[in-house]
Amino acid sequence: MSTLQRRTLLLAGWAGLSALAAASVPALAQGSWPDKPIRLVLPFSAGGPGDITARLIAQGLGKQLNQSVIVDNKPGAGGIIGADFVAKSAPDGYTIMIAGNGAVANALLRAKMPYADGDLVPVVQANTAPSVMVASASAGFRDLKELQVYGQRKGVITFGTAGAGSTGHFVGEMVSTALGVPVTIVHYKSGSETVNAIVGGQIDMASEAAVGVMGYVKGGKLRAVAVTDDHRTAVLPEVPTTTEQGFPTIQMQHWGGLFAPKGTPPAVLDRIAQAMDAAFKTDFAMRAQFEANGSQVGGGTRAEFAQFIAREKLRLGKIVSEAKMSLD
């Protein structure tokens, strides 16, 4: 065999190996993933409304991907501890996060964050739900106008939240502005801790997703004061909205969505989004559970969720600026 022939064969061999390697990358991302359990990090404690949502999502996503999805609660610092863990995890699709308002709000409220804003990539929306303002069943007020009088007489309203930057945190600030009454914000690690604080008489009120409070309302331990939306919720139809009560500027929804570390292969991100969308469209039992909890299911595309996040940053940024909200 001549030198030219050997060189030609060698080059052909290297070309074949290169083509095989290039072909294996999308094959790995699209075909073999996921070949082990997926960790779904929830940056809040177990037992709260977010935990209920996370476990429904894990179940639905796991069915679609034919793989176990394990919920891992990592509470603390208004969701920052869990978010930082995910942001610094390997971008391979095996560690993702379910989060809500705090995923956007924390960077608006703090000058310094342990991770950059772009280190977490929005993947797909999980759900939306109106927030329900609740107080103790024995509270000295039944609606927002009575709450206003109560706050004026007492001099302050103590308002619990599931953490800094949470939906409840924003509602508390809106209440202070709309009612013209000082509000002291008290942060807890989860919605369940906040509810327990109301029942225990440690705070005046809070605003949580219906799923976390409707059992207490129907059981007579909590009183629902208002729904922070322009329409009532089907699971507590007797509770008037903030708009109905003359305070239309108090409007806030709970929402959840999936996020992944920056650098996660687009094919994997698409697979997650498509699986979640398919679960919502085909798993009618899961849809029914969400609706029974007072939530509307999400789904859609990665692009749609990214656009939603961009709009939320603008909307919440305006509220932060007007209310002079800061955690520094």
Residue in region 197-214 that is in contact with an Asp or Glu (Cβ under 9 Å, 6 or more places away or on another chain), of a type in the set (D, E, K, R) and not assigned by TED's automatic domain parsing to the domain that holds Ala105 present: no
Candidates Gln125, Gln152 - the one that is of a type in the set (S, T, N, Q) and either under 28 Å from Ala279 (Cβ atoms) or in contact with a Leu (Cβ under 6 Å, 6 or more places away or on another chain) (or both): Gln125
Any hit, region 272-292, residues being over 21 Å from the mean Cα position of the chain (by Cα), exposed (fewer than 15 other Cβ atoms within 10 Å of the Cβ) and within 26 Å of Asn73 (Cα to Cα): yes
Candidate set from region 311-326 (those that are surrounded by 12 or more Cβ atoms within 10 Å (Cβ to Cβ) and hydrophobic (A, V, I, L, M, F, W, C)); member that is nearest to Asp119 (Cα to Cα): Leu316
Qualifying residue in region 186-198 (condition: buried (at least 24 other Cβ atoms within 10 Å of the Cβ), over 14 Å from the mean Cα position of the chain (by Cα) and not in a helix (DSSP H, G or I)): yes
When residues of region 239-260 are limited to those that are in contact with a Ser or Thr (Cβ under 6 Å, 6 or more places away or on another chain) and in a strand (DSSP E or B), the one surrounded by the fewest Cβ atoms within 10 Å (Cβ to Cβ): Gln253
Spans of strands (runs of 3 or more DSSP E) in region 68-181 with at least 3 residues assigned by TED's automatic domain parsing to the domain that holds Gln296, in contact (Cβ under 8 Å) with a residue 40 or more places away in the chain and buried (at least 19 other Cβ atoms within 10 Å of the Cβ): 95-99, 120-136
Hits in region 301-326 - residues which are closer than 13 Å to Phe170 by Cα and free of Cβ contacts under 8 Å to residues at least 24 places away in the same chain: Arg315, Lys318, Ser321, Lys324
Hits in region 287-306 - residues which are in a helix (DSSP H, G or I) and in contact with a strand residue (DSSP E or B) (Cβ under 9 Å, 6 or more places away or on another chain): Arg287, Phe290, Glu291, Arg302, Glu304, Phe305, Ala306
Residue pairs meeting the criteria (Cβ under 9 Å; at least 6 apart or on separate chains; first in contact (Cβ under 8 Å) with a residue 40 or more places away in the chain, in region 54-66; second of a type in the set (Ser, Thr, Tyr) and surrounded by fewer than 20 Cβ atoms within 10 Å (Cβ to Cβ)): Gln64/Thr282
Matching entry among Thr128, Thr167, Thr177 (being at pLDDT below 95 and more than 24 Å from the chain's Cα centre (by Cα)): Thr177
Criterion: farther than 28 Å from Ile81 by Cα, touching a helix residue (DSSP H, G or I) at 6+ places or on another chain (Cβ under 9 Å) and small (Gly, Ala, Ser) - qualifying residue of Ala224, Ala210: Ala224
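The values are calculated or read from the model by the stated rules, or taken from the named source; none is laboratory data. Keep in mind that this is a model prediction, so the values were computed, not measured. Neighbour counts run over all protein chains shown; Cβ positions are idealised from the backbone, glycine included.
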